[in-house]
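Comments concern the structure below.
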Amino acid sequence: MKQKYFIAAFATIAAIATGNAGITQPHPSYFEDFSTMESRELVDGWTTYGRGCTPIADWQPLFGTTGEAPYYMVLEIAGVRGAFSNSSFVQDIGADEWLVTPAIHVESDNELLMLTVGAFGENRLNEYQVFLSDTGNTKEDFVNAPIIVSTLYGWDDGLNTKRSVAVIKGYEGKDIHLAFVNRSKDSGLLGVTEMKMAPYLMDVLNETPQVMPQGESFGISVATTVYTTEEVRGLKAELTTSNGLTRIMDIDKTLLPTGTPLNIVFPDEVVMDVDKIEYTVTLTPCIGDDVTPTVVTGMVTQPSTSYPPVAVVEEFTGAWCTHCPRGAAYMEYYHDTYTGGDKGRVIGIALHSQDAMEISGRAYLSLAMEASNADGYPGAFFSRTLSGDPSDVETLESVLGRTFYSSVAIERVATATDAFDNPVLTVTCNVENAYPKQNIDQRLAIVVVENDVRGDTPDYNQTNYFSKMPQVTIESTYGEELWPYFEFYAEATNPVPYTDMVYQHVARGIYPDYYGALIESECEAEVPVGIELTVPVPDNVLKRDNISVVALLIDNRTGQILYADEMDASGFVGTDIPDTPDTPDSVETLAEEGIAVACDGNTLTVRADNGADVDVYASDGSPLGRGKAAPEYRLSVEGVRGMAVVRVRTAAGICVKKIII
């Protein structure tokens with residue numbers, strides 16, 4: 001199971017009177033995100049039905065071995081809570097797992113239903129349907145055709161989510177039940193993370209700049225996707241600003257239930273002639289006389305400083321890719337050439353695909369390639385702003401040419417082992433902005449990178465288009481200054497054997513995920529906010545003395561990398577960590593030593609045929625229990641939910657088992 005990582009701001013900061021951005025939407029007639037359900041069992045009113053089959057071993061700690069109800073459990077996966085069911089059974093059969101809501105009172109004749117569905121456990125396709133009944137909550141009551149039929153691929157290292165929308169028409173004043181049905185096979189967990197009903201729904205991204213220098217002008221713009229219950233024409237957009245500007249625009253475009261994207265750009269240029277300008281954008285779809293609008297508020301502030309330019313190049317590469325040495329050459333050129341100061345600093349991260357250095361699960365690589373619209377290798381994503389080939393120097397310099405009003409600096413990286421004897425890095429950063437913000441609205445991600453990677457198998461052979469290519473050809477194509485970086489490949493064979501090949505900037509893991517953890521804090525201009533994030537040392541690291549830590553400061557609105565910093569292992573402090581972990585972490589190891597771990601209801605049981613010392617920890621490292629298995633140790637876990645770690649010490653060594661309780 002994926003570990004949950006925690007982030008917190010620990011600086012004390014004075015309150016600021018107004019925020020930089022806010023969105024107020026109509027109150028939904030029905031809403032459920034499972035956040036108030038404190039146990040893994042659904043609250044009264046929810047009903048589940050299922051096949052009654054035996055889950056495979058991976059999911060038996062959650063759903064038991066008998067195939068009995070409940071068939072959905074409230075779980076938190078990758079920081080997202082929802083009601084999930086299993087589709088992987090010992091029997092060769094697909095799921096038919098039903099999640100039925102309590103009675104929902106429909107307030108108007110036209111309502112829009114939006115479900116957020118999540119899939120986890122296997123990189124396979126899930127299938128699901130949604131039914132509606134106004135007669136009851138048994139399976140037999142859902143006699144009509146499904147209102148939603150859809151699919152979603154699962155991820156084995158994170159939660160993949162998708163929205164599905166349906167119109168609820170003709171049920172005004174009635175009580176209805178909705179049924180989410182998992183029809184997948186051998187695909188792990190599938191469930192619902194959010195469910196809402198409203199007269200309309202609107203996703204909003206405020207694209208207005210948050211900072212602008214004195215005397216310069218800016219425009220106010222909002223990107224939105226509008227979901228309506230039926231096809232309607234038009235949306236009214238109204239702008240007011242604190243310096244007296246008022247503008248009303250009628251957006252003459254058809255709005256559809258499936259969602260209509262709109263880019264609302266007000267034509268007026270606002271001059272930054274005061275310290276700050278506040279604004280309000282009111283968006284009203286033309287669906288009736290009494291519709292409640294969506295309101296977007298924000299503030300543009302003058303900066304008090306700027307920061308030295310930094311760019312991050314996320315390179316898409318692979319040992320199998322014949323032309324990818326070009327990317328490696330340019331990454332080293334950037335590393336040596338852009339070292340700071342007015343010229344800027346470049347931090348490289350090599351994301352490997354389909355080779356021995358690929359990160360298991362591909363979530364980092366896949367999300368970066370999808371966001372960049374990359375269509376081949378080698379490729380590059382420049383600060384998650386512009387995409388192209390790693391050799392696109394002009395693209396890189398256009399990113400470095402921006403003015404930077406936010407920064408992150410790594411102050412300290414401490415090495416240690418956690419409660420489970422796993423090596424961890426505690427990264428302390430200072431986030432600073434050149435303007436005040438009540439809500440920072442930024443995210444922090446930590447990437448663990450390894451340099452000087454030398455493999456010991458032919459899987460590390462690098463195919464090489466540049467083998468035996470003349471110096472004059474390379475210099476005429478890429479410039480004389482690039483020859484030192486291509487020279488190795490030009491003089492090497494194709495492929496370059498693993499005994500000669502050294503890889504740099506290899507991404508080993510990103511935490512908590514590609515998007516980063518939200519920084520929940522406010523800030524004043526040029527006052528650092530301290531952030532501390534503890535992350536594991538990835539198991540795929542070969543030499544821990546060769547790792548570095550990269551901190552990415554990410555705009556929560558746009559996903560762009562605002563700033564970054566890097567520290568290598570020579571700057572770390574704390575406990576030395578051996579290269580090879582001595583703590584096995586597998587069911588196979590436990591089984592070989594006669595150890596069994598299971599959770600049945602509110603009791604966790606550890607059985608050790610030859611006796612053992614047992615420690616049980618919550619996912620945050622806090623102790624839950626300690627005792628001896630002689631041959632059994634039992635621990636009450638009533639009121640505890642989520643992942644637990646069981647550490648078993650026998651005469652033969654230490655075994656660790658992660659289990660959902």
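Can you tell me how much longer the chain between Asp252 and Thr65 gets when fully stretched, taken as 0.36 nm per residue apart minus their C-alpha distance, in nm with one decimal? Don't skip to the end; give the middle numbers.
Values: separation 187, 0.36 × 187 = 67.32 nm, distance 5.76 nm.
Going from the current span to full extension adds 61.6 nm.
Close amide H pairs (under 5 Å, H built 1.01 Å from N) link Val310 with Arg345, residues at least 5 positions away or on another chain. The sum of -39500 (n - 2.57) across all DSSP H runs of n ≥ 4, divided by the residue count of the chain, sets its helix-only mean residue ellipticity at 222 nm to -2500 deg cm²/dmol. The distance between label points at Thr240 and Ile56 comes to 5.9 nm (points 7 Å beyond Cα on the Cα→Cβ vector). Each Lys or Arg adds one and each Asp or Glu subtracts one; over the other residues with Cβ under 13 Å from the Cβ of Ile93, this totals -1.
The modelled label-to-label distance between Arg626 and Asp289, using points 7 Å beyond Cα along the C-beta direction, is 7.2 nm. Lacking any other cysteine beta-carbon closer than 4.7 Å, the following Cys residues of the chain have no compatible partner: Cys53, Cys286, Cys429, Cys523, Cys599, Cys655. Ranking of Thr161, Thr280 by solvent-accessible surface, largest first: Thr161, Thr280 (1.4 Å probe, protein heavy atoms only, all chains present).
Segment Lys185..Tyr465, full-extension length gain: 96.5 nm, with 0.36 nm per residue of separation and the alpha-carbon distance subtracted. Please report, as a whole percent, how much of the solvent-accessible surface of the chain comes from carbon and sulfur atoms (probe radius 1.4 Å). Answer for the chain: carbon and sulfur cover 46 percent of the accessible area.
Rounded to a whole number of µm²/s, how large is the Stokes-Einstein D of the chain at 4 °C and 1.567 mPa s, given Rh as the Kirkwood radius over C-alpha pairs? Translational D for this selection: 47 µm²/s. For Arg544, Arg649, Arg634, the ranking by accessible surface with the largest value first comes to Arg634, Arg649, Arg544, using a 1.4 Å probe. Label positions at Asp452 and Ala103, each projected 7 Å from the Cα along the C-beta direction, are separated by 7.1 nm. Normalised by the number of residues in the chain, the mean separation of alpha-carbon contacts (under 8 Å, six or more apart) gives a relative contact order of 13 percent. Remark: the chain carries 43 Å² of accessible area per residue (probe radius 1.4 Å; ligands, DNA and RNA excluded). Averaged over residues, the count of other Cβ atoms within 10 Å places the peptides 294-300, 326-332 in the sequence 326-332, 294-300, highest first. Note on Lys276: lysines with a C-alpha under 24 Å away, same-chain residues under 8 apart excluded, are Lys437.
Highest mean first, how do 62-71, 134-143, 80-89 rank when packing is the count of other Cβ atoms within 10 Å averaged over residues?
Numbers: 62-71: 16.8, 134-143: 14.6, 80-89: 24.8.
Result, highest mean Cβ count within 10 Å first: 80-89, 62-71, 134-143.
Once the Cα-Cα distance is subtracted from the 0.36 nm per residue extended length, the Ile93 to Thr280 segment shows a gain of 61.9 nm.
The values are calculated or read from the model by the stated rules, or taken from the named source; none is laboratory data. Quick caveat: nothing in here was measured; it's all calculated off a predicted structure. All Cβ positions, glycine included, derive from the backbone under ideal geometry; neighbour counts span all protein chains shown. These accessible areas exclude ligands, DNA and RNA; they are computed on the full protein's heavy atoms, side chains included. Shrake-Rupley method; radii C 1.70, N 1.55, O 1.52, S 1.80 Å.
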